[in-house]
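Asks: Here it is: the structure, laid out below.
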Amino acid sequence: MFDPKAFIDEQVEAIRGAVKGKAILACSGGVDSTTAAVIASRALGDRLLAVYIDTGLMRKGETQDVDVTLKALRVSHRIVDASDEYFEALKGVTDPERKRHIIGNKFIELFEREATTFGAEVLIQGTIAPDWIESGGQLRDRIKSHHNVAGLPAEMKLRLVEPLRDLYKDEVRKVARALGVRVAERQPFPGPAFAVRVLGEVTPERVAVVREACAIVEEELEAAAGKGLMTLPWQYFAVLLPVQSVGVHGDVRVYGHTVGVRAIESVDGMSGTYSKIPHEVLDRISVRITNEIKSVNRVVYDVSNKPPATIEWE
Amino acid sequence: MRIYVVDNGGQWTHREWRVLKYLGVDTKIVQNDTPAEDLKDLDGLVLSGGAPRVGMDPGKMGRNGEYLDELRQPILGICAGHQFMAMHFGGDAAPAKIPEFGKATLTVHKPDVLFDGLPSTFVVWESHNDEVSVVPKGFVGLASTPDCSVQAMRSADRPLFGLQFHPEVEDTQFGMDIFRNFVRECERLRR
């Protein structure tokens with residue numbers, strides 16, 4: 001089967017072989033990049049700088065969390081606030097592939113800037129197998145451009161090192177547990193973050209809606225799992241749909257937004273079945289979203305498997 | 001035990017590699033234009049699925065035909081690999097009347113080594129636009145789903161197997177067992 005300890009030793013050696021000078025590491029605070037950060041930090045010590053970019057598209061409390069996590073793991077890191085730059089670059093863009101490319105390019109622009117300051121020639125990423133598989137190339141069709149693969153510009157100054165390239169999420173979690181990474185069990189979150197959970201144009205207002213809706217989905221499902229009503233799905237979140245519909249608020253007509261709730265069971269992200277969430281839990285989610293977020297008057301539940309659908313909507 | 005995976009551009013090619021690795025097989029993903037000569041010392045070969053529509057762009061299937069003609073080891077064709085195998089030996093593949101994506105129920109009609117120890121009905125994962133429409137001469141159909149009659153086939157006189165569904169996918173029940181049976185067959189024929 002898979003031996004996480006042997007994998008860690010192999011990769012520490014491989015990184016030492018591949019990086020002679022300094023390296024920066026792209027860290028989102030998720031399982032993959034945090035795990036890559038700990039392995040790379042073991043290999044390189046203070047020749048490594050982990051860089052977290054606050055795109056303004058992240059979950060509630062995420063930036064503070066990443067800081068705590070990396071401090072606890074003693075990985076030297078830097079947090080860069082770039083939210084204005086991202087919203088500016090995404091203005092008027094509705095095509096999901098264009099969003100992913102803009103975000104990927106922006107990441108590299110910022111990482112190159114940080115690398116120059118730190119004196120690094122190498123960029124280490126927590127890319128995992130589904131990222132490059134779904135990004136396509138040669139015979140393989142492109143399902144979606146993962147920002148860290150197909151979102152990269154054709155010409156890059158930095159040399160890429162990707163220690164987790166051949167792993168899937170379940171294997172990364174095993175490595176994370178072996179390394180004592182606090183976020184080992186955290187659900188996956190897309191690199192382009194809320195930009196691909198807001199269908200249509202990405203604005204600070206629309207991102208705020210989906211951020212709130214996602215937080216409600218997380219709170220309710222985690223509470224239900226805690227009470228033993230269900231087991232926690234592999235991934236669970238909300239998307240803001242580009243659809244408006246008629247509703248009634250206090251005897252007055254409204255024409256409001258629609259939120260889609262998605263929860264799915266998977267092992268590796270390459271196939272999956274939608275979660276059979278108890279109706280009472282869905283009911284609470286619906287009531288909370290439509291009451292706590294005034295602009296939303298309708299909630300729908302996604303009952304699609306992968307394939308034919310993918311986990312995220314964009 | 002050395003079994004390689006020929007990459008025809010599938011979403012799950014790397015999963016096939018992972019399942020073989022988990023079974024302790026010495027495995028590697030190779031491009032489908034690798035010369036057959038380089039593969040002749042293997043114990044078995046998997047022809048992956050892929051985006052190419054076998055009937056419409058056979059050129060994209062590289063040297064799969066050479067592998068089927070020149071290698072004598074067991075070969076397992078999956079999805080596009082299975083459809084290509086059917087066409088190569090004189091059968092046919094065509095757009096499916098009802099393409100299948102995701103969950104389907106498989107029924108095994110004819111027991112065979114690949115399905116050793118498995119129930120006759122179980123859940124499999126699908127993702128195909130085309131299907132085998134004519135089983136080639138010398139091959140027998142082994143299993144079906146309600147919307148696709150040739151979900152599995154094998155050659156009567158050579159260890160060539162074709163599967164339309166994806167045993168490498170986590171959501172396919174007994175997928176690992178099907179691979180284990182294939183590996184065992186490769187092992188048996190090596191001796």
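The values are calculated or read from the model by the stated rules, or taken from the named source; none is laboratory data. In this text the structure is predicted, and so the values were computed from the model without any measurement. Heads up, the Cβs are rebuilt from the backbone with ideal geometry, glycines too, and the neighbour counts pull from every protein chain shown. For accessibility, only protein heavy atoms count, side chains too; no ligands or nucleic acids. Shrake-Rupley method; radii C 1.70, N 1.55, O 1.52, S 1.80 Å.
Asks: Can you spot a residue in the stretch A:128-137 that is polar (S, T, N, Q), free of Cβ contacts under 8 Å to residues at least 40 places away in the same chain and under 30 Å from B:His128 (Cα atoms)?
Replies: First, pick out the residues of the stretch A:128-137 that are polar (S, T, N, Q): A:135.
Now restrict to residues that are free of Cβ contacts under 8 Å to residues at least 40 places away in the same chain: A:135.
Pick out the ones that are also under 30 Å from B:His128 (Cα atoms) and you get A:135.
Within the stretch A:128-137, one or more residues are polar (S, T, N, Q), free of Cβ contacts under 8 Å to residues at least 40 places away in the same chain and under 30 Å from B:His128 (Cα atoms).
Asks: Search the stretch A:101-122 for residues being more than 16 Å from A:Gly191 (Cα to Cα) and open to solvent by less than 10 Å² (accessible area, probe 1.4 Å), and hand back the single one that is farthest from the other protein chains (Cβ to nearest Cβ). Spell out the reasoning first.
Replies: Narrowing the stretch A:101-122 to residues more than 16 Å from A:Gly191 (Cα to Cα): A:112-122.
From what's left, open to solvent by less than 10 Å² (accessible area, probe 1.4 Å): A:115, A:122.
On the way: A:Ala115: 30, A:Val122: 25 Å.
Among residues in the stretch A:101-122 that are more than 16 Å from A:Gly191 (Cα to Cα) and open to solvent by less than 10 Å² (accessible area, probe 1.4 Å), the one farthest from the other protein chains (Cβ to nearest Cβ) is A:Ala115.
Asks: Right, next: Among the residues of the stretch A:269-314, write down those that are within 19 Å of the chain's Cα centre (by Cα), within 14 Å of another protein chain (Cβ to nearest Cβ) and of a type outside the set (Ser, Thr, Tyr).
Replies: Residues satisfying the conditions are A:Gly269, A:Met270, A:Gly272, A:Lys306, A:Ala309, A:Ile311.
Asks: Further, regarding this structure: Within the stretch B:115-164, take every residue that is acidic (Asp, Glu) and open to solvent by less than 20 Å² (accessible area, probe 1.4 Å) and give me the one that is nearest to B:Asp92 (Cα to Cα).
Replies: Going through the qualifying residues, I end up with B:Asp130.
Asks: Going by the structure shown, is A:Leu232 assigned to a loop (DSSP other than H, G, I, E, B), more than 17 Å from the chain's Cα centre (by Cα), within 26 Å of A:Ile277 (Cα to Cα) and not assigned by TED's automatic domain parsing to the domain that holds A:Ala89? Steps first, answer last, please.
Replies: On the way: assigned to a loop (DSSP other than H, G, I, E, B): yes; more than 17 Å from the chain's Cα centre (by Cα): yes; within 26 Å of A:Ile277 (Cα to Cα): yes; not assigned by TED's automatic domain parsing to the domain that holds A:Ala89: yes.
Here the answer is yes, as A:Leu232 does meet what is asked.
Asks: Moving on. Evaluate the following for A:Ala82: is it of a type in the set (Gly, Ala, Ser), touching a strand residue (DSSP E or B) at 6+ places or on another chain (Cβ under 8 Å) and either modelled with pLDDT of 95 or more or not assigned by TED's automatic domain parsing to the domain that holds A:His146 (or both)?
Replies: Working: of a type in the set (Gly, Ala, Ser): yes; touching a strand residue (DSSP E or B) at 6+ places or on another chain (Cβ under 8 Å): yes; either modelled with pLDDT of 95 or more or not assigned by TED's automatic domain parsing to the domain that holds A:His146 (or both): yes.
Yes.
Asks: Does the stretch A:259-278 contain any residue that is β-branched (Val, Ile, Thr), free of Cβ contacts under 8 Å to residues at least 40 places away in the same chain, under 25 Å from A:Lys60 (Cα atoms) and outside the structural domain of A:Val172 (by TED's automatic domain parsing)? Spell out how you get there, then give the answer.
Replies: Taking the stretch A:259-278 as the starting set, the residues that turn out to be β-branched (Val, Ile, Thr) are A:259, A:261, A:264, A:267, A:273, A:277.
If we keep only those that are free of Cβ contacts under 8 Å to residues at least 40 places away in the same chain too, we end up with A:273.
Right, trim to under 25 Å from A:Lys60 (Cα atoms) and you get none.
No.
Asks: Okay, next question. Conditions: (1) open to solvent by less than 40 Å² (accessible area, probe 1.4 Å); (2) of a type in the set (Val, Ile, Thr); (3) at pLDDT below 95. A:Val93 meets all but one. Number of the miss?
Replies: The single condition A:Val93 does not satisfy is (3).
Asks: Please specify each residue of the stretch A:194-250 satisfying the condition of being among the basic types (Lys, Arg) and touching a residue at least 40 places away in the same chain (Cβ under 8 Å). Reasoning before the result, please.
Replies: Our first condition is that a residue be among the basic types (Lys, Arg); within the stretch A:194-250, this holds for A:197, A:206, A:211, A:227.
Result: A:Arg197, A:Arg211.
Asks: Among the residues of the stretch A:279-297, write down those that are in a strand (DSSP E or B) and either open to solvent by less than 20 Å² (accessible area, probe 1.4 Å) or in the same structural domain as A:Asp170 (by TED's automatic domain parsing) (or both).
Replies: Selection gives A:Val296 alone.
Asks: Now, a different point. Residue check: is A:Ala154 surrounded by fewer than 21 Cβ atoms within 10 Å (Cβ to Cβ), over 20 Å from B:Thr13 (Cα atoms) and not assigned by TED's automatic domain parsing to the domain that holds A:Ala89? Explain how you work it out, then say what you get.
Replies: Numbers: surrounded by fewer than 21 Cβ atoms within 10 Å (Cβ to Cβ): yes; over 20 Å from B:Thr13 (Cα atoms): yes; not assigned by TED's automatic domain parsing to the domain that holds A:Ala89: no.
No, not satisfied.
Asks: Inside the stretch A:236-268, can you point out the residues that are open to solvent by 10 Å² or more (accessible area, probe 1.4 Å) and within 14 Å of chain B (Cβ to nearest Cβ)?
Replies: Of everything in the stretch A:236-268, those that are open to solvent by 10 Å² or more (accessible area, probe 1.4 Å) and within 14 Å of chain B (Cβ to nearest Cβ) turn out to be A:Glu265, A:Ser266, A:Val267.
Asks: Among the strands (runs of 3 or more DSSP E) contained in the stretch B:1-95, which hold 1 or more residues that are more than 13 Å from every other protein chain (Cβ to nearest Cβ) and either open to solvent by 10 Å² or more (accessible area, probe 1.4 Å) or touching an Asp or Glu at 6+ places or on another chain (Cβ under 8 Å) (or both)? Step through it out loud before you land on a result.
Replies: Details: elements: B:3-7, B:29-31, B:44-47, B:75-78.
Of the strands (runs of 3 or more DSSP E) lying wholly inside the stretch B:1-95, those with at least 1 residues that are more than 13 Å from every other protein chain (Cβ to nearest Cβ) and either open to solvent by 10 Å² or more (accessible area, probe 1.4 Å) or touching an Asp or Glu at 6+ places or on another chain (Cβ under 8 Å) (or both) span B:3-7, B:44-47, B:75-78.
Asks: Could you tell me whether the stretch B:113-129 includes any residue that is of a type in the set (D, E, K, R), assigned to a strand (DSSP E or B), out of contact with any Ser or Thr (no Cβ under 7 Å at 6 or more places or on another chain) and at pLDDT 95 or above? I'd like the intermediate steps shown before the answer.
Replies: If we filter the stretch B:113-129 for residues that are of a type in the set (D, E, K, R), which is where we start, we get B:116, B:126.
Subsequent filtering for residues that are assigned to a strand (DSSP E or B) retains B:126.
With the extra rule that they be out of contact with any Ser or Thr (no Cβ under 7 Å at 6 or more places or on another chain), the set shrinks to B:126.
Narrowing the set further to residues that are at pLDDT 95 or above leaves B:126.
Looking for residues that are of a type in the set (D, E, K, R), assigned to a strand (DSSP E or B), out of contact with any Ser or Thr (no Cβ under 7 Å at 6 or more places or on another chain) and at pLDDT 95 or above, one finds at least one in the stretch B:113-129, hence yes.
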